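Reviewing the structure listed below.
Every number here is computed from the coordinates shown, using simple stated rules; none is lab data. In this text, all values refer to a predicted model and were calculated from it rather than measured experimentally. Cβ sites come from the backbone with ideal geometry, for glycine too, and all protein chains shown count toward neighbours.
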Amino acid sequence: MDGRDKPGHDETFRMSPPVFRFAPSPNGYLHLGHACSALLNADRARETGGRLLLRMEDIDATRCRPEFETAIYEDLAWLGIAWETPVRRQSEHLADYRAALERLSALGLVYPSFESRAEIAKLVAAREASGSWPRDPDGAPLYPGAARQLPHAERERLIASGAPYALRLDMEAACRQVPALDWTETGEGPNGERGQLAARPKAWGDVILARKETPTSYHLSVVVDDALQGVSEVVRGQDLFHATSVHRLLQVLLGLPAPVYRHHGLIRDEAGRKLSKSTRATGLRELRAGGASPTDIRRLVGLR
């Protein structure tokens, strides 16, 4: 997994045909926002002579279902999108994420926290009662606990007792190892940011990398998958723009190549909210059943 020991690793990565990916979660039906991202990836692959991959981000076993995956294939085919096979399913590659997590642990950058969500909410409320408490770019409060200070023996005792836990990245320690980061943005951020942009992973605090029952998280699995699949350009919505800071940090720590990023504007509902899979009015299945054509979908998402 470590590309730092391979001569010309980044050069080879850049010289290969461009590789794009569309990576939905099969936990619901696709909507117009998904169509926009999938079409943009397909368009970029066609324009550049590149490859388009499809990945199922199905690590959430409680919400992801086979019928949703089948529906994704049907919707994409109806849109006229073709992708390479086999499709990568995250649930079939948990060993890859465990290996990445072990590498970060060997660097001394991972620790377990044992507070429940309710306990974390109480800690945040207590801190906010005496002043403000920082929140990440998505608006969630940063981790307020003190698990980093737990003695090793106490951590081992709690784990052996069967207590639930989350494995977190020690952000301060990680940023000491990687003091400066940036990424290449060819799309635009929420405020029009583009070009060579500074990454600011500290804004996210000690993010979760895995849980007791699941050996990965979105942040960890997405950088591992993109590297293993050779993805060279990540085309995705602006809702993930700020998360790129965390992804760049993990890429450097794990010795993985950095894709070029192209964030695109989001498709929103009439109230200006980001679309949800529960928004039936913008679901591709509903629009198709109502007589919409693939050309209509392109027009609705603002594409030629």
Of ALA243, ALA153, ALA140, the one that fluctuates the most in a GNM where the chain has Cα springs shorter than 10 Å: ALA153
Residue-averaged 222 nm ellipticity for the chain, from DSSP H runs of 4+ at -39500 (n - 2.57), nearest 500: -11000 deg cm²/dmol
Semi-axes of the equivalent ellipsoid for region 1-156, Cα gyration tensor, largest first, Å: 37, 24, 17
Leading residue at positive end of dipole, region 132-191 (Cβ point charges), from ALA147, PRO134, ALA174: ALA147
Qualifying GluC sites (Glu not before Pro) in region 211-304, DSSP loop, other Cβ atoms within 10 Å at most 11: GLU213, GLU270
Amide hydrogen neighbours beyond the local backbone of VAL19, cut-off 5 Å, H modeled: ARG51, SER232, GLU233
For VAL110, distant residues with modelled amide H under 5 Å away: ASP170
Karplus-derived HN-Hα couplings along region 260-269 (A = 6.51, B = -1.76, C = 1.60, θ = phi - 60°), whole Hz, x at Gly and Pro: 7, 10, 9, 8, 10, x, 8, 8, 10, 7
Listed residues GLY80, GLY50, GLY187, most fluctuating in the chain (Gaussian network, C-alpha, under 10 Å): GLY80
Computed Kirkwood radius, in angstrom, where 1/r is averaged over Cα pairs of region 94-263: 17.0 Å
Sorted by Cβ density within 10 Å, fewest first, the residues CYS64, CYS36: CYS64, CYS36
Proximal charge balance of TRP78 [Cβ under 14 Å; K/R count +1, D/E count -1]: -1
The chain - percent relative contact order, Cα under 8 Å, separation 6 or more: 25 percent
Listed residues ALA125, TRP204, ALA23: farthest to the positive end of the dipole of the chain (Cβ charges): ALA125
Per-residue HN-Hα couplings for region 74-80 [Karplus 6.51, -1.76, 1.60; θ = phi - 60°; Hz; x = Gly/Pro]: 5, 5, 5, 4, 4, 6, x
Placed amide H near ASP182: partners under 5 Å, 5+ positions off or other chain: ALA199
Coil-residue GluC sites (Glu not before Pro) of region 42-141, DSSP, other Cβ within 10 Å capped at 16: GLU84
In order through region 214-227: 3J(HN,Hα) via Karplus (6.51 cos²θ - 1.76 cosθ + 1.60), integer Hz, x for Gly, Pro: 9, x, 6, 9, 4, 4, 6, 5, 5, 6, 5, 4, 4, 5
C-alpha long axis of helix 32-48 to longest principal axis of the chain, angle in °: 80 degrees
